[in-house]
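To start, the structure itself, in structure tokens.
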Amino acid sequence: MTTPFDTPLVGYRFVQTQYGDTLQRFAARELGDASRWTQIVALNNLLPPYLTDDPDAVTSQVVLNGGYLVIPAASPSAQNPDPNGVFGTDLLLTADGLLATNGTDFAVVSGADNLVQALRNALTTDQGELLYHGDYGSLIRRILGTVNGPTAGLLAAEYAGQTVAADTRVKAVQDASATISGDVISVTVQAEPVTGSTLPVTADL
């Protein structure tokens, strides 16, 4: 008996999805560009929600995470081995969240440093704070004012890990921890990006 995986694909490859994947995260990890998720939709004839962790939601056009998708053959490293290209460039912010300058113009940050800055911004932004991006940010500050203790620290770490994992440039969260001192929550997340080595992301809220 033959399967579709026995048929050679010229210029394409079969890649397994992972639990919790969205098409944007999958595209960022496998193609080095989250915006290429529309190509994956077209190649695999998918319909919303495209990928799911719920076996009851699977149809012929919705794939259960753990299943396979057809994508272009080039891997992220082959397509763009430069972290500056994968993680992009943005304006550099100071510790106070203000735009940094280099004397004559606005300063910029690229590559892994840009990813760390973006993740730190997400951690320090309250979820729901941005009007048109209700899912962006973290729930960490909701813990402030509650009883301080081990449970609060674990919950803050869980919120921090979820926030970092939501970025399509992050492949996985290796570890997340938090400490609460008075009205300050300090979090540290070890983020594994889609390319390159693990990055530590810290924030005080």
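Summary table below
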| item | result |
| --- | --- |
| Filter pass, residue 141 being more than 13 Å from the chain's Cα centre (by Cα) and closer than 28 Å to residue 91 by Cβ | yes |
| Residue match in the range 164-184 (condition: among the hydroxyl-bearing types (Ser, Thr, Tyr) and within 23 Å of residue 17 (Cβ to Cβ)) | yes |
| Top-ranked residue in the range 23-78 [being touching a residue at least 60 places away in the same chain (Cβ under 8 Å) and part of a loop (DSSP other than H, G, I, E, B); ranked as farthest from residue 111 (Cα to Cα)] | 73 |
| Top-ranked residue in the range 94-124 [being of a type in the set (D, E, K, R) and under 19 Å from residue 203 (Cα atoms); ranked as modelled with the lowest pLDDT] | 96 |
| So residue 182, is it at positive phi and either without any contact (Cβ under 8 Å) to a residue 60 or more places away in the chain or not small (Gly, Ala, Ser) (or both) | yes |
| Selection within the range 125-165 - aliphatic (A, V, I, L, M), in contact with a strand residue (DSSP E or B) (Cβ under 9 Å, 6 or more places away or on another chain) and modelled with pLDDT under 90 | 143, 144, 152 |
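The values are calculated or read from the model by the stated rules, or taken from the named source; none is laboratory data. Keep in mind it's a predicted model, so treat the numbers as computed, not measured. Note that we place each Cβ from the backbone using ideal geometry, even for glycine, and neighbour counts take in every protein chain shown.
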